[in-house]
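Working notes, structure below.
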Amino acid sequence: MKHSSHPDIVKRLTRAEGHLRSVIAMIEAGKPCVELAQQLHAVESAVAKAKKELIHDHIEHCLEDGHDTKNALRELKQLANYL
């Protein structure tokens, strides 16, 4: 199912992908570990924010779009595994 937030999430992940490629280049160039760790932390944070937005959006749609309660609860329990 495609939600209205998906294009924004794709943009976030595309930026994170570019950032990760930059970190790989930094590693190959022998940049200091502190700089690498800082940049990897930024990539992790960007991916985590995208995941959070995706999950929050799904929860909103799951609860607001009139899904049956049993199915909605099952999906919410599945999503909780990824928080």
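Key figures
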quantity	calculated
Only listed residue being modelled with pLDDT under 95 and touching a His at 6+ places or on another chain (Cβ under 6 Å), chosen from Asp57, Asp8	Asp57
Filter pass, Lys31 being charged (D, E, K, R), surrounded by 13 or more Cβ atoms within 10 Å (Cβ to Cβ) and part of a loop (DSSP other than H, G, I, E, B)	yes
Considering residues of region 6-26 that are of a type in the set (A, V, I, L, M) and surrounded by 14 or more Cβ atoms within 10 Å (Cβ to Cβ) only, the residue nearest to His58 (Cα to Cα)	Ile9
When residues of region 34-79 are limited to those that are surrounded by 15 or more Cβ atoms within 10 Å (Cβ to Cβ) and β-branched (Val, Ile, Thr), the one farthest from the chain's Cα centre (by Cα)	Val43
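For (1) touching a helix residue (DSSP H, G or I) at 6+ places or on another chain (Cβ under 8 Å); (2) within 19 Å of Lys11 (Cβ to Cβ), each residue gets a yes or a no:
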residue	(1), (2)
Ala48	no, yes
Ile55	yes, yes
Asp68	no, no
Arg74	no, no
Tyr82	yes, no
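The values are calculated or read from the model by the stated rules, or taken from the named source; none is laboratory data. Since the model is a prediction, treat every value here as computed from it, not as a measurement. A quick note on method: Cβ atoms are made from the backbone with ideal geometry, for glycine too, and the neighbour counts reach across all protein chains shown.
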